[in-house]
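Structure record follows, encoded as structure tokens.
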Amino acid sequence: MPDVLAIVSKVVFEKEAKGLEVGDVWPTAAYASTHAALAPLASGGRLFLVTVRPGSVLWLVGVLEQPRASKGAWRADANTTPITDVTKLISTIKFANGKGLVRDEKLGMSLQTPRELAPEAASRLSGERGAKAASAASATPAKAATPAKAAKAATATPANVAKVEKPAKAATKAATKTAVGSTTTVKPIHDAGGRRSPIQGAIWNGADESWEAGDTDELGCRQGLWRSWRQDGTLRGESPYLDHDLHGINRRFHPDGTIASEGRWEHGILRDTTFFRTDKPTDEHALRQGGDVTVRTEFVGDPTGRMNATIRFYDQEGRQRDAHGVLVPERPASVPETARWFSTGSIAAPDGSTAGWVDGPVIRERNVKCGVWRWWSNAGELLYTEVMTGAGLLQQRITRESDGVEVELDQFVAEPHKRRFYLAMHWTPFLHERLRARLATAPSSLVRDVISILHADLEQHEAVWSRKVSRPREIVQLVEDWEARAPRDASDVDAWFIVGAGARSAYELRDRERTERWWRRFVSIAPPKKRPEDTYAFNGFDDDLGKSGEVRKGIEAWLSGKADKAGDLLAKKLADPKTFRAVPDDELADLVSARAGARPCKVMLRDAHNCEAWLVDEDGQSHHWKGDELARCTVSFGLEALDHLMQADACDERQLFWPGKHGWLALQRYGRSVLWHQATYYPSRGQAEVERLTFFKAATPAQAQRLMGLIAGPKSTPIDPWSTSKLGPIFRIYGGDGIKSLAVKDQALITRRETLEEFPSRNAALLAFEKIELERLRTGGMITRFLAQANRD
């Protein structure tokens, strides 16, 4: 009898098996799919269910014995196999067709199609699950999913709030203070090292090698104009602040007093920067492009503040030059204002020249191209277009002779089921708009297939650039496009699926008008008894929108008003500290999503004492629940490091909690932004794995410290963030290009392999560490884990 391997998507597993780990039993009894590759199971056999976890870790999550096809799914008795980590078996898993698996970032994609296992592979998986089950039985019974366990996890929140001392109002007081709740004082960062301040009341910022002075309010936020001076007393900078954010024109000066740079900031976001040349010695930014004739260089930012849209060079007379100092010719009408001209470069024009115009954004700090780039000849003739990934890699190239995007779309239209995964992997906003134009004249069946691709839980091969439109919104766009052209070719099954998918996406977006309109049309169409063959479109569709579908129940409850009444009752529970703890995270998240009109939310923090919770939705927006209603949210969550570190000179406060080898909790505060890095130890894998890696920004430094107290909990005791007698030096391990590990040992800066440099004092070594780490974080690197010398391999 056949044994078939099939994948459970991340979305389905985390929804239906929420909170379950290795050793737990997921008592599922069905696999929702009508894929033809499952047909051999009709004669008996076993269905092995796996899912891919972060880091390309493979879990066997269940085995359905002798499943039978019924109502769009393969059903059997409830699974009794404990969840098992089978990552070590990946290289040995072979299929009946002779092909195997590779553990890489494409693992999830390679498992999208169910396939029959070779007998030896099925035996290995059976042996692994049998060994795990036997081991678990000899020790303790396998853990089954219970409502009590989920409730306990949902209510495991800090019991009270850490007390926060109010920061001093004046900078003179701040100079003698230690960061509240910190295990390391701010002295290694803001330490004059025995120097005497040339400015009365100024504090020393060792990271910028400057004395600083300015006003703070009662909450510790910088307000108004702050100034900084070099050790010799010359003015280094003038920085305008509003509620601790740079806001206005930030100026830096050369030692001779002339302006070195001007940055235009808006509420903490750097818009544009202009650098000025000096012929005298300087410790500020020195112009390296534009030739000696360039006296001013402008970097123009995009609306997000993460990228530079263009760079311009100017001479003493205000004439624009190129990067080599050559005068820029008159701009053709077809070339946008953001395009730069190069007198020589890699442009291949038809006349053989290498001069021309180039337009495209560059990611700040990392200086890599991303998004859409276009090249024109001197005369303004478009030569080619390239679509770059967020890592600066070429994804699609379009020339006059060859249009890779159109070729891909041609192949998809010809064989949509065969090319669907490739199309999903290379999806970009640019491709989406081109596809929308194609669908304007395409049959409704193709619209249905594209919507199914967007709805599927498919991991992209390479991150492109920040998504401006979420996938549910892309689906809504396609349904509106289809509805606007009133297609006459649409069969009942096409119309039923398209408007149903539209209602599902509109409901996820909490768009009541579209949800109601499309839902009325959906329920007016009798569910087609015969579905198209060879399609993935209906996988999970019935489970969502069938008579007992959870999404259907949610839509009907929302449109009927029942959900609003239930929400009112839940809000009363959330207003009372006695009942606040008992409300599970998922119920709180659903209520906030509905009240905020947001995509599904996730609870980040809870404060049961004050009946507060902070959440973030799938569009990255933060929400604050306070008492029995939503309140204005003054905290934002997100992993874009540059958003949080752009103004930072160094880390102001570090807290590290280290329960032996059993994971860690690290909190690093930069002004009012905090890096939250948390890992849990998994005995089955013998290592700690990261479960939280995010930044958040509070309204004030004091509020940031309060939230750090909530995260740590009242009973947690931090350790020295650099080293302990038991653990030795504590290494930060970094991802991305550049240095991979870093720690401080006595007065030395070290990596896991070597000593980088000896310093005259420990404070000097810590200051060097701060500079290096801040640069790593700003340029795309990230702390991937913490490692104590005593525990390293």
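The values are calculated or read from the model by the stated rules, or taken from the named source; none is laboratory data. The structure presented is a predicted model; accordingly, all values stated were derived computationally and were not measured. Note that each Cβ is placed from the backbone with ideal geometry, even for glycine, and that neighbours are counted across all protein chains shown. In case anyone asks, the SASA skips ligands and DNA or RNA and just uses the protein heavy atoms, side chains included. Shrake-Rupley method; radii C 1.70, N 1.55, O 1.52, S 1.80 Å.
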Margin query: Just to be sure before I move on: is TRP518 open to solvent by less than 20 Å² (accessible area, probe 1.4 Å) and either free of Cβ contacts under 8 Å to residues at least 24 places away in the same chain or under 25 Å from ARG420 (Cα atoms) (or both) in the structure I sent?
Written below: no
Notebook entry, point to check: What is the one condition in (1) at pLDDT 90 or above; (2) in a loop (DSSP other than H, G, I, E, B) that PRO350 does not satisfy?
Noted result: (1)
Next item on the list: Could you identify the single residue in GLY352, GLY291 that is on the phi > 0 side of the Ramachandran plot, of a type outside the set (D, E, K, R), out of contact with any helix residue (DSSP H, G or I) (no Cβ under 8 Å at 6 or more places or on another chain) and open to solvent by 40 Å² or more (accessible area, probe 1.4 Å)?
Entry: GLY352
Notebook entry, point to check: Can you list the strands (runs of 3 or more DSSP E) found entirely within the stretch 235-287 that contain at least 1 residues being farther than 25 Å from ASP302 by Cβ and either open to solvent by 30 Å² or more (accessible area, probe 1.4 Å) or basic (Lys, Arg) (or both)?
Noted result: 235-242
Next item on the list: Please give the number of the condition LEU458 fails out of (1) modelled with pLDDT under 90; (2) closer than 30 Å to GLU386 by Cα; (3) out of contact with any Phe, Trp or Tyr (no Cβ under 8 Å at 6 or more places or on another chain).
Entry: (3)
Next item on the list: Tell me, yes or no, whether the stretch 779-793 has at least one residue that is among the small types (Gly, Ala, Ser), buried (at least 18 other Cβ atoms within 10 Å of the Cβ) and closer than 15 Å to GLN668 by Cβ.
Entry: yes
Check: When you go through (1) more than 22 Å from ALA641 (Cα to Cα); (2) over 24 Å from the mean Cα position of the chain (by Cα); (3) not in a loop (DSSP other than H, G, I, E, B) one by one for ALA688, which number turns out not to apply?
Finding: (2)
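Of all residues in the stretch 398-415, which are open to solvent by 40 Å² or more (accessible area, probe 1.4 Å) and either charged (D, E, K, R) or out of contact with any helix residue (DSSP H, G or I) (no Cβ under 9 Å at 6 or more places or on another chain) (or both)?
Listed by number, the residues that qualify are ARG400, GLU401, SER402, GLU406, VAL407, ASP410, ALA414, GLU415.
For (1) open to solvent by less than 60 Å² (accessible area, probe 1.4 Å); (2) touching a Lys or Arg at 6+ places or on another chain (Cβ under 9 Å); (3) in contact (Cβ under 8 Å) with a residue 60 or more places away in the chain; (4) of a type in the set (Ser, Thr, Tyr), each residue gets a yes or a no:
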{"position": "ALA484", "(1), (2), (3), (4)": "no, no, no, no"}
{"position": "VAL499", "(1), (2), (3), (4)": "yes, yes, no, no"}
{"position": "GLU508", "(1), (2), (3), (4)": "yes, yes, yes, no"}
{"position": "ARG514", "(1), (2), (3), (4)": "no, no, no, no"}
{"position": "LYS529", "(1), (2), (3), (4)": "no, no, no, no"}
{"position": "LYS553", "(1), (2), (3), (4)": "no, no, no, no"}
{"position": "LEU559", "(1), (2), (3), (4)": "yes, yes, no, no"}
{"position": "LYS562", "(1), (2), (3), (4)": "no, no, no, no"}
{"position": "ARG581", "(1), (2), (3), (4)": "no, yes, yes, no"}
Notebook entry, point to check: Any idea which residue in the stretch 531-551 is farthest from the chain's Cα centre (by Cα), counting only those that are aromatic (Phe, Trp, Tyr) and open to solvent by less than 30 Å² (accessible area, probe 1.4 Å)?
Noted result: PHE538
Notebook entry, point to check: Looking at (1) assigned to a strand (DSSP E or B); (2) in contact with a Gly (Cβ under 9 Å, 6 or more places away or on another chain); (3) under 30 Å from ASP737 (Cα atoms); (4) not charged (D, E, K, R), which is the one condition that is false for THR385?
Noted result: (2)
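When you look at VAL57, is it in contact with a strand residue (DSSP E or B) (Cβ under 6 Å, 6 or more places away or on another chain) and of a type outside the set (Lys, Arg), yes or no?
No; evaluated as a whole, the condition is false for this residue.
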Notebook entry, point to check: Counting only residues that are of a type in the set (Gly, Ala, Ser) and either exposed (fewer than 13 other Cβ atoms within 10 Å of the Cβ) or modelled with pLDDT under 90 (or both), how many does the stretch 57-77 have?
Noted result: 4
Margin query: Out of THR344, THR310, THR304, I need the residue that is farther than 30 Å from ALA213 by Cβ, surrounded by fewer than 18 Cβ atoms within 10 Å (Cβ to Cβ) and in contact (Cβ under 8 Å) with a residue 24 or more places away in the chain. Which one?
Written below: THR304
Next item on the list: Search the stretch 629-679 for residues being open to solvent by 40 Å² or more (accessible area, probe 1.4 Å) and closer than 28 Å to GLY206 by Cβ, and hand back the single one that is nearest to the chain's Cα centre (by Cα).
Entry: LEU639
